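Chemist: Structure in structure tokens, see below.
The values are calculated or read from the model by the stated rules, or taken from the named source; none is laboratory data. Since this is a predicted model, take the numbers as computed values, not measurements. Note that each Cβ is placed from the backbone with ideal geometry, even for glycine, and that neighbours are counted across all protein chains shown.
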Amino acid sequence: MRNKEKQTNCPCCTQGGTEDEVKITPKISKMLSPAQVQLLDYTHYLDAPDLVNALKLVHDVTIYHSHELLDEAEKDALFSVKGLWECIERIKE
């Protein structure tokens, strides 16, 4: 894409596309790994309520409906699940 003085966009702005197809990637996605970007896409605010409900269900079934005793590692994992759904709930706000 050129302006009146025949200047071109910087190579970073084209992201591998032609000059007519300028694609600008947000800086945050360059700081994150592909897996982290995928997680954020998956937990987009429209999907967040369903994901939060699923995590709460796993947590509650494990704690309240299991007849097995939980060891420290399992309790820590369930606490991490709780922390995850609380973070996702803040994303949708």
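Chemist: Would you confirm, using the coordinates I've provided, whether Val37 is modelled with pLDDT under 85, part of a helix (DSSP H, G or I) and in contact with a helix residue (DSSP H, G or I) (Cβ under 9 Å, 6 or more places away or on another chain)? Outline the logic, then answer.
Modeler: Working: modelled with pLDDT under 85: yes; part of a helix (DSSP H, G or I): yes; in contact with a helix residue (DSSP H, G or I) (Cβ under 9 Å, 6 or more places away or on another chain): yes.
Spelling it out, Val37 is indeed modelled with pLDDT under 85, part of a helix (DSSP H, G or I) and in contact with a helix residue (DSSP H, G or I) (Cβ under 9 Å, 6 or more places away or on another chain).
Chemist: Out of curiosity, is Leu70 surrounded by 11 or more Cβ atoms within 10 Å (Cβ to Cβ) and assigned to a helix (DSSP H, G or I)?
Modeler: So Leu70 does not fit the description; no.
Chemist: Taking Lys30 as the residue in question, decide whether it is surrounded by 12 or more Cβ atoms within 10 Å (Cβ to Cβ) and either at negative phi or at pLDDT 85 or above (or both).
Modeler: No, not satisfied.
Chemist: Of the conditions (1) over 19 Å from the mean Cα position of the chain (by Cα); (2) at pLDDT 75 or above, Gly17 clears all except one; give me its number.
Modeler: Among (1) over 19 Å from the mean Cα position of the chain (by Cα); (2) at pLDDT 75 or above, Gly17 violates only (2).
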